[in-house]
1. Which residues, taken from region 3-23, are within 25 Å of Ala159 (Cα to Cα) and surrounded by 14 or more Cβ atoms within 10 Å (Cβ to Cβ)?
2. Out of the residues in region 108-145 that are under 21 Å from the mean Cα position of the chain (by Cα) and small (Gly, Ala, Ser), which is nearest to Ala157 (Cα to Cα)?
3. Can you spot a residue in region 374-391 that is over 20 Å from Val226 (Cα atoms), modelled with pLDDT under 85 and among the basic types (Lys, Arg)?
4. Among the residues of region 339-355, is there at least one that is part of a helix (DSSP H, G or I) and hydrophobic (A, V, I, L, M, F, W, C)?
5. Can you find a residue that is of a type in the set (Val, Ile, Thr) and farther than 30 Å from Gln331 by Cβ anywhere in region 88-111?
6. Which of (1) modelled with pLDDT under 80; (2) crowded, with 17+ Cβ neighbours inside 10 Å does Ala206 not meet, given it meets every other one?
7. Which residues, taken from region 77-99, are surrounded by fewer than 20 Cβ atoms within 10 Å (Cβ to Cβ), hydroxyl-bearing (Ser, Thr, Tyr) and part of a helix (DSSP H, G or I)?
8. Enumerate the strands (runs of 3 or more DSSP E) found wholly within region 229-331, keeping only those where 1 or more residues are modelled with pLDDT under 75, hydroxyl-bearing (Ser, Thr, Tyr) and in contact with a helix residue (DSSP H, G or I) (Cβ under 6 Å, 6 or more places away or on another chain).
Amino acid sequence: MFLDKIVDIFKNRELRRKLLFVLMIFVIFRLAASIPIPGVNHAQLEKLFSGSQLLGFLNVLTGGTLSNFSIVLLGIGPYITSVIILQLSTMIFPKLERLYKEEGPEGRRKFNQYGRMLTVPLAAIQGYGMLALLQSQNIIGSLGTVGLISYLTTVIAGAVFLMWLGELINEKGIGNGISLLIFAGIVARLPSALMQTISTWDPQKAPLYLAFLVIALAMIALVVLVNESRRNIPVSYAKQIRGRKVYGGTSSYLPINVNPAGVLPVIFASAFLMFPQVLTQLLAQGGGFFATLNQKVAWFLGNPWLYGSAFFLLVVAFTFFYTMITFDPEQISSNLQSSGGFIPGVRPGQPTSEYLNYVLNRILTIGAIFLGFIAVMPSIVQGITKIQSFSFLIGGTALIIMVSVVLDTYRKIKAQQEMRQYENI
């Protein structure tokens with residue numbers, strides 16, 4: 001059955017062309033990720049990344065471009081950051097909120113254009129911060145004005161290039177381009193992780209590897225289950241008579257996902273916890289108070305119980321916070337009322353908004369706790385099995401991203417196949 005579906009996919013000429021185009025973009029991305037920027041001590045760079053949880057986390061999302069110090073070392077991080085900043089700004093600027101929520105496709109197009117424009121200065125800031133960090137660790141020497149300009153130009157061009165590749169996938173391929181590039185970067189770690197496992201293979205640890213595999217499969221199944229779970233709220237539409245025709249009178253449902261915030265709370269929580277470490281490392285070079293503060297921060301982040309507890313609580317908090325921004329019960333209630341829809345047993349208007357908020361909070365509690373559990377799962381399993389090579393398969397941001405991207409792409413491929421079958425009828 002599975003092979004038949006694969007054959008059907010490649011029988012569809014248009015779908016085959018889109019998939020091959022996506023694969024070609026993946027090859028271009030990995031080629032760019034393997035081109036290093038000269039003048040870096042790679043042995044010291046690898047040591048820095050192995051000792052920093054934040055840099056290791058960012059390196060996972062960029063597919064190793066940071067540790068390789070390639071021309072696309074920032075990945076698509078600047079673009080994602082710009083979109084997140086703009087989404088948070090909708091809470092502050094009403095005009096931007098109207099553009100994002102009320103002006104339809106044209107408003108979304110302008111909103112995305114603002115995100116592209118904001119990517120350039122963010123890439124410059126992040127690139128300069130990375131350069132300052134490397135210089136403070138004696139990984140790279142003094143560059144001078146010309147060297148600094150050349151470095152920042154390369155970094156900005158690399159970030160814009162990957163953003164463009166993502167846009168090409170959206171336009172000519174299938175699936176979400178930005179998500180697929182992140183997915184490609186994560187999957188690119190599989191061969192190196194496999195080689196590391198083979199080189200450090202110990203027959204006495206075979207039961208631990210088997211337990212790790214079982215846990216990984218169980219976690220993937222659990223992420224798929226929760227990612228696809230939703231609460232369907234029934235919605236009915238009143239009958240409307242226009243001339244001699246009767247409209248409405250149908251029933252539908254409003255789906256609310258168990259985890260509506262996706263993977264962003266994990267990213268927010270990781271950045272919130274790790275930012276003090278990077279900042280104190282930069283300031284600790286002068287000694288004194290900041291050196292002592294850096295030691296305390298390193299002790300806190302190095303304690304698995306304190307770090308895990310703080311990480312779990314922050315993920316839960318950011319899940320509620322981000323859902324508050326993206327899901328507006330009052331707007332949904334207003335849209336239902338204007339289209340003649342209502343929830344059976346609930347009055348339109350403010351009672352509908354309160355009911356949606358009540359249901360959302362109950363569902364979100366489950367989703368937030370689950371997301372926090374997935375986020376700290378790699379640390380728990382690593383402590384039990386002592387296996388670190390495939391830690392991204394048993395939880396954390398990487399697993400959620402991989403599952404979400406695979407499911408989303410599968411749904412779009414299935415929709416293309418169903419459309420072809422419909423056209424052949």
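The values are calculated or read from the model by the stated rules, or taken from the named source; none is laboratory data. In this text the structure is predicted, and so the values were computed from the model without any measurement. Every residue, glycine among them, receives a Cβ derived from its backbone with ideal geometry; neighbour counts consider all protein chains shown.
1. Lys18, Leu19, Phe21, Val22
2. Ala123
3. yes
4. Checking region 339-355: not a single residue is part of a helix (DSSP H, G or I) and hydrophobic (A, V, I, L, M, F, W, C).
5. Within region 88-111, the first condition is being of a type in the set (Val, Ile, Thr), and the residues that meet it are 90, 92.
Next cut, farther than 30 Å from Gln331 by Cβ only: none.
For region 88-111, residues of a type in the set (Val, Ile, Thr) and farther than 30 Å from Gln331 by Cβ: absent.
6. That leaves (2) as the condition not met.
7. Once the filter is applied, which keeps residues that are surrounded by fewer than 20 Cβ atoms within 10 Å (Cβ to Cβ), hydroxyl-bearing (Ser, Thr, Tyr) and part of a helix (DSSP H, G or I), region 77-99 yields only Ser89.
8. On the way: elements: 230-237, 240-242, 245-247, 251-257.
In region 229-331, no matching strands (runs of 3 or more DSSP E) lie anywhere.
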